[in-house]
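Trainee: One structure follows; several queries about it will come next.
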Amino acid sequence: MASSSTNSPCAACKFLRRKCQPECVFAPYFPPDQPQKFANVHKVFGASNVTKLLNELHPSQREDAVNSLAYEADMRLRDPVYGCVGVISLLQHQLRQLQIDLSCAKSELSKYQSLGILAATHQSLGINLLAGAADGTATAAVRDHYHHHQFFPREQMFGGLDVPAGNNYDGGILAIGQITQFQQPRAAAGDDGRRTVDPS
Amino acid sequence: MSNYTNSPCAACKFLRRKCTSDCVFAPYFPPEEPTKFANVHRIFGASNVSKILQEVAPHQREDAVNSLAYEAEARLKDPVYGCVGAISVLQRQVLRLQRELEETNADLMRYASCLGGETTSAYGGRRG
C-alpha cells in the first residue's frame, strides 16, 4: 500500500507537486493509482486538515479514517447540499417505513396464530367430546385427522420470529446507491467506485 | 442573520476580521452559535466552506451549512469514522429489519396456505 518514494510519489504528493518523502503521512493511504481519492479529499477537507486529523489518530486507525473521509468527500461532491447527511436521512426514512411494515406484518401474523390456537382448541374439544362415544373409531378418526392436519407445529409458530440482533457496530461503511460495493468490516471509500476492503 | 453593524458573524469573529455586508458566512453562522463555525472550520476549513456555498444556489445554502455542521460535529466526536459510522449502523438496522420482514411475510404465507388447506381438509380435502 505504501508508495515507494523511489519509484512513484503517492497521489497526494503528485497532486501537491512535491517530493514524496519516506515519512509522507499520506503515502500509505493515497496510492498513486487512485488519484481521484486524494483530489476529492483535498477539495472538500483540504490537505492540512487531513494531516491534522491523521496526526491525532493512532496509526492503526488512519486507514479507516482516510477511507471514511474519502467517502464523505465523494458524497459531498455528488451532493454539495447534503453530502452523506442525505444518505443518513434516506436510511432513517427507510428504517421508519420498515418498522411500520414489520409491525403490520406481525400484527397480521398474531391473528393467524390466534386462529391456530383457537382451531387447535376446537379440535381438542372435538376429541374430548367424542371420547365418550361407545364407538372408538370416531375418536381415532378425529385424532388422526388432527395429527395429519396439524398445521401449527410449534417450530412454525415461532420460527423466523427470533432474529438475532445484528447491530454490532464495527465501523463498516455502507452507502445508499453504493451499498453492494462496500464490504465489512473496514471503512472503505475508493475513488474509482471500488470499495471492497479485506477485513483486517 | 448577523447584523454586521452590531456584531460580526461567528465566522468573522473566529477569523478576527471585519464582517462586511456581503459576508458569505453571516447568514448562516450567527454570533450566538460560535461552536458551529469553529467545528466547520476545523474539519473543512473556511475557504472550502466558502467554495461549497458559492457552488450552491442561495436557497440551498442554509441546508448545506447545516449538513456541513452536522458532519463536522460527527467527525469531531468520532475522528475515525465521522458520520459514516452512523450510516453503517443504520444500514445494518435496515438489513436486519428487511430480513425480519421477509421472514414474517414467509410465515404469513405459510399460515395463509395452511388455513386454506385446513379449510379444504376440514371438508375432506387434502392438506394444503
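Trainee: Going through segment A:39-72 one residue at a time, which ones are more than 8 Å from chain B (Cβ to nearest Cβ), buried (at least 24 other Cβ atoms within 10 Å of the Cβ) and in contact (Cβ under 8 Å) with a residue 40 or more places away in the chain?
Mentor: Of everything in segment A:39-72, those that are more than 8 Å from chain B (Cβ to nearest Cβ), buried (at least 24 other Cβ atoms within 10 Å of the Cβ) and in contact (Cβ under 8 Å) with a residue 40 or more places away in the chain turn out to be A:67, A:70.
Trainee: The conditions are (1) within 14 Å of another protein chain (Cβ to nearest Cβ); (2) touching an Asp or Glu at 6+ places or on another chain (Cβ under 8 Å), and residue B:10 fails exactly one of them. Which is it?
Mentor: Answer for residue B:10: the failing condition is (1).
Trainee: Away from every other protein chain (no Cβ under 14 Å), farther than 14 Å from residue B:82 by Cα and touching an Asp or Glu at 6+ places or on another chain (Cβ under 6 Å), is that true of residue A:21?
Mentor: Spelling it out, it is not the case that residue A:21 is away from every other protein chain (no Cβ under 14 Å), farther than 14 Å from residue B:82 by Cα and touching an Asp or Glu at 6+ places or on another chain (Cβ under 6 Å).
Trainee: Which of the residues belonging to segment B:44-65 are more than 8 Å from every other protein chain (Cβ to nearest Cβ) and either in contact (Cβ under 8 Å) with a residue 24 or more places away in the chain or on the phi > 0 side of the Ramachandran plot (or both)?
Mentor: The answer is B:46, B:49, B:50, B:53, B:54, B:61, B:62, B:65.
Trainee: I would also like to ask the following. Please tell me if residue B:24 is within 13 Å of chain A (Cβ to nearest Cβ), of a type in the set (A, V, I, L, M, F, W, C), assigned to a loop (DSSP other than H, G, I, E, B) and surrounded by 15 or more Cβ atoms within 10 Å (Cβ to Cβ).
Mentor: Judged against the criteria, residue B:24 is not a match.
Trainee: OK, next. Within segment B:85-111, count every residue that is hydrophobic (A, V, I, L, M, F, W, C) and under 15 Å from the mean Cα position of the chain (by Cα).
Mentor: 4
Trainee: Working carefully through the options B:95, B:68, B:76, find the one that is surrounded by fewer than 19 Cβ atoms within 10 Å (Cβ to Cβ), touching a residue at least 12 places away in the same chain (Cβ under 8 Å) and assigned to a helix (DSSP H, G or I).
Mentor: Exactly one of B:95, B:68, B:76 is surrounded by fewer than 19 Cβ atoms within 10 Å (Cβ to Cβ), touching a residue at least 12 places away in the same chain (Cβ under 8 Å) and assigned to a helix (DSSP H, G or I), namely B:76.
Trainee: Against the conditions (1) at pLDDT below 95; (2) buried (at least 19 other Cβ atoms within 10 Å of the Cβ), where does residue B:116 fall short? Just the number, please.
Mentor: (2)
The values are calculated or read from the model by the stated rules, or taken from the named source; none is laboratory data. Not measured: the values here are computed from a predicted model. Reconstructed Cβ throughout: ideal geometry from the backbone, glycine too, with neighbour counts over all protein chains shown.
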